[in-house]
1. In region 368-391, how many are exposed (fewer than 14 other Cβ atoms within 10 Å of the Cβ), closer than 20 Å to residue 320 by Cα and in contact (Cβ under 8 Å) with a residue 40 or more places away in the chain?
2. If residue 302 meets every condition in (1) at pLDDT below 75; (2) out of contact with any helix residue (DSSP H, G or I) (no Cβ under 7 Å at 6 or more places or on another chain); (3) not assigned by TED's automatic domain parsing to the domain that holds residue 101 apart from one, which number is that one?
3. Any residue at all in region 76-87 that's loosely packed, with under 12 Cβ neighbours inside 10 Å, within 24 Å of residue 308 (Cα to Cα) and either modelled with pLDDT of 80 or more or more than 29 Å from the chain's Cα centre (by Cα) (or both)?
4. Check off (1) in a helix (DSSP H, G or I); (2) out of contact with any helix residue (DSSP H, G or I) (no Cβ under 9 Å at 6 or more places or on another chain); (3) at pLDDT below 65 for residue 293 and give me the number that stays unchecked.
5. For region 345-370, what are the residues that are within 15 Å of residue 403 (Cβ to Cβ) and under 34 Å from the mean Cα position of the chain (by Cα)?
6. On the given criteria, is residue 154 at pLDDT 75 or above, under 38 Å from the mean Cα position of the chain (by Cα) and not in a helix (DSSP H, G or I)?
7. Which of the strands (runs of 3 or more DSSP E) found entirely inside region 303-395 contain at least 2 residues meeting this: in contact with a strand residue (DSSP E or B) (Cβ under 8 Å, 6 or more places away or on another chain) and under 30 Å from residue 80 (Cα atoms)?
8. Between 192, 180, which is within 30 Å of residue 77 (Cα to Cα), under 28 Å from the mean Cα position of the chain (by Cα) and at pLDDT 85 or above?
């Protein structure tokens with residue numbers, strides 16, 4: 001019987017145990033890796049920035065669009081000017097002006113009837129004191145002529161104010177075009193000279209109107225005082241009262257027309273301004289990219305077009321993305337929660353790795369953008385998540401970013 005020494009026995013045992021230990025270690029590592037792998041998730045996300053559609057709150061016609069596609073804009077910059085007075089309202093304005101002119105002409109006609117009427121009365125009342133009649137006639141003519149002057153001035157001021165509003169808008173548009181070097185400085189100077197000249201004329205007419213109102217009060221006071229001292233024959237008063245009433249009717253009509261014109265012109269041109277620093281976009285997206293395409297991003301309207309309330313003209317997008325949107329599958333739903341840390345992997349140059357966290361988790365599953373599908377022929381659904389973009393991570397809107405749960 002062969003006797004085995006203890007040293008030889010331990011050596012043989014070591015040769016058998018070491019492979020077993022190594023194999024068990026490998027198995028443990030594989031199990032650990034699979035366990036850790038099952039606790040992590042990997043998805044692709046798309047960097048996106050804020051996009052605001054520029055729309056009107058009331059129906060109007062685009063008067064000017066001083067920006068173009070992909071042009072950089074600043075917060076508060078005028079993007080479009082909308083004329084809220086449409087063609088039918090312009091026709092109404094023209095009709096009101098025509099009626100106003102007709103009312104003024106009628107007042108002038110009625111005033112001209114005062115003289116022949118007065119002459120007729122003088123012939124019928126030759127037995128009365130000629131001086132008294134002539135004096136009363138002078139007072140009456142003074143009153144009526146002053147009233148006519150007031151009506152003429154009011155009509156002229158109203159018409160000039162309408163033209164002044166249009167010139168103010170034209171000055172604003174020309175200034176914008178001059179900043180873009182689209183017109184010569186002479187054009188802006190010419191428009192401003194027209195505006196200042198008309199504004200000065202309106203001011204002078206307003207002073208004349210106030211003076212005419214004062215003159216009317218004095219003329220009426222002289223007429224009343226003379227009438228109390230020297231009463232007219234009833235036939236004279238009756239005849240002149242008919243003309244006065246007709247003039248009063250035309251006065252009332254003129255007041256109504258002026259009110260309607262002022263109401264129309266109170267609807268000034270609407271200026272749409274940029275809500276933030278960004279770029280004018282007309283993004284084109286595939287039909288299935290619902291999450292990327294927002295209302296108005298593929299629209300760019302032109303001057304002369306009619307836009308209705310809520311109808312987008314174009315959109316303004318941030319030049320840098322502010323968040324990343326990704327979609328997790330049903331198998332990964334239990335692994336995602338708000339405020340959980342994630343690792344962001346940027347594969348484009350310069351390649352970067354950063355750490356961030358999940359901001360929001362969507363409540364329902366949505367159709368994923370087509371560019372995130374594994375198979376272009378098989379639509380995919382997922383639950384959206386929003387991940388914050390950390391400072392220092394250089395991304396552009398629309399860039400694909402890898403997201404790995406930690």
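1. The total comes to 1.
2. The failed condition is (1).
3. Yes, because at least one residue in region 76-87 is loosely packed, with under 12 Cβ neighbours inside 10 Å, within 24 Å of residue 308 (Cα to Cα) and either modelled with pLDDT of 80 or more or more than 29 Å from the chain's Cα centre (by Cα) (or both).
4. Result: residue 293 passes all but (1).
5. Listed by number, the residues that qualify are 359, 360, 361, 362, 368, 369.
6. The answer is no for residue 154.
7. Qualifying strands (runs of 3 or more DSSP E): 312-317.
8. Only one candidate passes the filter, namely 192.
The values are calculated or read from the model by the stated rules, or taken from the named source; none is laboratory data. Here the structure is a predicted model, which is why all the values come from computation and not from measurement. Cβ coordinates were reconstructed from backbone atoms using ideal geometry, including for glycine residues, and neighbour counts include every protein chain displayed.
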